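Student: A single structure is presented below for examination.
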């Protein structure tokens, strides 16, 4: 009886270990660089001096080291470096493909100039990411 009880206790311990729930993934902190690493759609911008609203501008930050921007024709490529303490993102030099398109070239030129070698402060407005340049221009980005 004692051997059976000891075996039962040992088996219960093994069963308890096997049935313990796996630890949950930590929730993404809204200020973490990982939460910036998604696809963003520009929903408002005073930084782009062209008729940006007629284009669907997507900033793909899923890989911050090789971020892209697309307004429908050419693809802009750049790197984003996030500093969560200062709540800034630094945009490296922007490069672009050079396809000739009938429309959209003006917006892509404006987009490239607005992003090129910029340091932007960011803050969260619910789920939207607000980027602010020191010159007062702003971007409102919404997760895709």
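Student: When residues of region 67-102 are filtered for being in contact with a helix residue (DSSP H, G or I) (Cβ under 7 Å, 6 or more places away or on another chain), without any contact (Cβ under 8 Å) to a residue 24 or more places away in the chain and over 23 Å from residue 35 (Cα atoms), how many remain?
Tutor: Summing the residues that are in contact with a helix residue (DSSP H, G or I) (Cβ under 7 Å, 6 or more places away or on another chain), without any contact (Cβ under 8 Å) to a residue 24 or more places away in the chain and over 23 Å from residue 35 (Cα atoms) in region 67-102 gives 1.
Student: Run residue 52 past the list (1) crowded, with 17+ Cβ neighbours inside 10 Å; (2) farther than 15 Å from residue 128 by Cα; (3) in contact with a strand residue (DSSP E or B) (Cβ under 9 Å, 6 or more places away or on another chain); (4) modelled with pLDDT of 75 or more and report the number of the one that doesn't hold.
Tutor: Evaluating residue 52 over (1) crowded, with 17+ Cβ neighbours inside 10 Å; (2) farther than 15 Å from residue 128 by Cα; (3) in contact with a strand residue (DSSP E or B) (Cβ under 9 Å, 6 or more places away or on another chain); (4) modelled with pLDDT of 75 or more leaves (4) as the failure.
Student: If you go through region 56-67 one residue at a time, how many are surrounded by 16 or more Cβ atoms within 10 Å (Cβ to Cβ) and under 18 Å from residue 92 (Cβ atoms)?
Tutor: Number satisfying all stated conditions: 5.
The values are calculated or read from the model by the stated rules, or taken from the named source; none is laboratory data. This structure is a prediction, so every number in the text was calculated from the model and none was measured. Cβ: placed from backbone, ideal geometry, glycine included. Neighbour counts: every protein chain shown.
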